[in-house]
Each structure stands twice: as C-alpha cells, then as structure tokens.
Amino acid sequence: MKCPKCNSDLIPTIRHKVDVNYCQSCKGMWLECKELEQLEDEVFDFGEHAKGTLVFSSTPTTAKCPECNTFLRSFKYRLYDLEMELCENQHGYWLDDDEDTRVLELMKEEEADLQRKFLAEEKWATTLKHMRSGSFLSKVRELFR
Ligand SMILES: [Zn+2]
Ligand SMILES: [Zn+2]
C-alpha cells in the first residue's frame with residue numbers, strides 16, 4: 001500500500017491501540033472505516049448513535065485512495081476544525097501527522113459534553129419528580145396559608 005501523499009510504502013503500525021497503515025516519511029496514516037471507529041471508541045463509550053454525523057460535506061483533492069486509486073475527498077471531522085480525507089468507496093480515511101491524537105482529544109471532549117448533558121437532564125428529571133410529588137405541593141400550599 002502506497003502513501004497517497006508522498007508515494008512511500010505504508011507500514012502497518014499500532015497507534016493508540018489501533019492498527020493503522022503509517023507513512024514514515026510524511027507521518028500520515030491510513031485508517032479503514034472500522035479502524036477510525038475503534039480509535040474513537042478508545043475514549044468514547046456512548047455508542048455509535050451518540051457520535052452524530054462524521055462527514056457533513058466534502059471537497060475533492062488530488063490524493064488517491066491507496067486501495068482503489070479514486071481521488072480522496074477532504075472533509076471536516078465531525079464539523080470540528082480538523083481536516084481529514086476519505087475514500088468515497090468507504091475504504092478508509094487519511095489522517096495527517098498526529099491527527100489521530102486530535103481525534104482522541106475531540107472524542108474525549110464530546111464524551112464529557114454528553115456526560116454533562118445527561119447529568120443536567122437527570123437533575124432536571126428529579127426536580128420535576130419532586131415538584132409533582134405530593135409532599136412538595138403541600139409544602140407550597142403551606143407557604144400560602
Ligand atoms: Zn507519505
Ligand atoms: Zn478507495
């Protein structure tokens with residue numbers, strides 16, 4: 001497999017516990033679709049549905065897919081400020097130097113946000129339950145006696 005950027009050989013490497021094909025000269029890496037998911041799941045526990053849309057829109061590039069040679073398309077990873085490339089035939093994603101680490105950071109933030117959101121919803125639900133409970137209403141009535 002050749003690097004879509006500099007045409008060097010890609011070397012199978014394990015990064016962040018995920019198998020990737022790594023280019024030693026430009027330090028980019030090729031991840032199959034499921035490998036990108038694996039990478040995200042290293043830090044993200046809420047499951048696929050909670051991740052939202054990965055690719056919103058993409059633009060053509062001049063780099064070619066190492067599997068099928070079609071031109072890769074560039075997109076913003078989950079609408080973050082992180083450019084990646086993908087093969088439209090779903091072969092995988094091209095990440096530049098250290099972008100896999102960025103993915104982990106972004107996914108960690110995403111998970112923290114979801115945790116905050118769930119916590120807030122839980123608190124609100126208990127507050128509502130509390131308000132509907134008789135004891136709460138009687139307390140309110142007492143206030144107006
Ligand atoms: Zn390269
Ligand atoms: Zn392809």
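The values are calculated or read from the model by the stated rules, or taken from the named source; none is laboratory data. None of the values given here were measured: they were computed from a predicted structure. FYI the Cβ positions are ideal-geometry reconstructions off the backbone, even for glycines, and counts take in every protein chain you see.
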Requested in this report: Assess whether TYR22 counts as being in contact (Cβ under 8 Å) with a residue 24 or more places away in the chain and among the hydroxyl-bearing types (Ser, Thr, Tyr).
Outcome: no
Query raised in the report: Looking at segment 14-28, which of its residues are more than 8 Å from ligand 1 (Cβ to nearest atom) and farther than 13 Å from LYS2 by Cβ?
Result: ILE14, ARG15, HIS16, LYS17, VAL18, ASP19, VAL20
Report summary line: In segment 1-19, residues that are touching an Asp or Glu at 6+ places or on another chain (Cβ under 8 Å) and more than 16 Å from ligand 2 (Cβ to nearest atom) total 7
Query raised in the report: Restricting attention to segment 43-60, which residues are within 19 Å of ARG102 (Cβ to Cβ) and at pLDDT 95 or above?
Result: SER58
Query raised in the report: Cβ-Cβ below 8 Å, separation at least six or inter-chain, first residue in segment 1-16 and touching a residue at least 40 places away in the same chain (Cβ under 8 Å) and closer than 21 Å to ARG102 by Cα, second among the β-branched types (Val, Ile, Thr) and outside any loop (DSSP other than H, G, I, E, B): which pairs?
Result: HIS16/THR101
Report task. Please enumerate the residues belonging to segment 59-83 that are away from ligand 2 (no atom under 14 Å from the Cβ) and among the aromatic types (Phe, Trp, Tyr). Result -> PHE75, TYR77, TYR80
